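As structure tokens, the structure follows; a few thoughts come after it.
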Amino acid sequence: MSRTTLRHPRPVVAVPSLVAALLLALVATVAQAGTASAAAYRYWGYFQLQDAQGSSGKTWTFATKGPEQVTPTDGGVEGWRFAVAGESDMRTPRATVTFDQLCGGTAAQSGKKRVGVVIDYGRAADTEDGKQPPAPVGKCAVVDSKATGAEVLAAVASVRNEKGLVCGINNQPATGCGGEVKEVSPEAKATDTPVQLAAATPSAQAGQAAADTKDEGTSPLAYVAILVVLAAGALLVVTAARRRRAH
């Protein structure tokens with residue numbers, strides 16, 4: 001909103017109270033008009049989880065660059081939020097989590113980095129058709145150490161891009177890209193309520209353990225047990241044969 005500076009002619013003289021009241025009313029009208037005309041859009045916002053100033057906690061910070069220009073660090077947490085928002089009412093992911101909560105169970109790999117990702121599909125009021133979107137989810141991306149924010153997101157979700165913009169994540173929404181919203185509903189203006197993340201994707205470590213179990217097949221102890229049973233059976237057969245010969 002542009003700032004209007006009122007300049008008094010020289011020499012300065014007292015302004016009658018009626019004129020002063022009219023000037024204040026004019027400034028208020030201009031301010032309200034500027035607020036009413038502030039544009040709102042329906043889009044995916046991109047965030048990073050940072051240390052909160054003056055606190056030991058974390059807070060979401062809006063990314064000043066696009067995901068193609070950002071290289072997340074190992075141990076970082078990226079966030080995506082779909083919402084109807086403008087410059088003055090930024091909507092952040094409604095779940096705040098730690099890297100350990102998202103990637104603590106995922107084994108580190110040489111030449112790779114682990115980056116936590118929170119995807120918040122927003123509220124029904126944020127969607128164009130008013131339907132309830134999926135619940136927010138948390139995932140752990142294991143990507144090349146030089147991977148960008150765009151590549152991190154692509155590692156854990158399907159992404160629809162248009163003209164360099166992230167327009168849809170996991171088909172939410174299926175069409176449209178950052179369209180202007182001329183009338184923001186009261187529901188869309190309502191304050192966000194924090195949410196809990198849906199169950200995260202099983203960790204790579206857990207998945208590897210399952211794969212190892214499958215690949216190993218029958219364990220060595222099982223083979224020993226089988227051999228013991230076979231030996232006992234063979235001994236019974238030999239003993240029975242000797243008895244028949246003795247008779």
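Any read-out appearing in this document is the output of simple, stated calculations on the displayed coordinates, not a laboratory observation. No experiment lies behind these values; they were computed from the predicted model shown.
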Notebook entry, point to check: Considering only DSSP beta bridges whose two residues both sit in the stretch 48-201, what percent are antiparallel, to the nearest 5?
Noted result: 75 percent
Checklist line | Tail beyond 19 Å, pair distance distribution of the stretch 63-177 (Cα, percent) | finding: 47 percent
Checklist line | For G168, residues with placed amide H under 5 Å, excluding near neighbours | finding: R160
Note to self: What are the extents of the Cα atoms of the stretch 114-160 along their three principal axes, in Å, largest first?
What the structure shows: 39, 19, 11
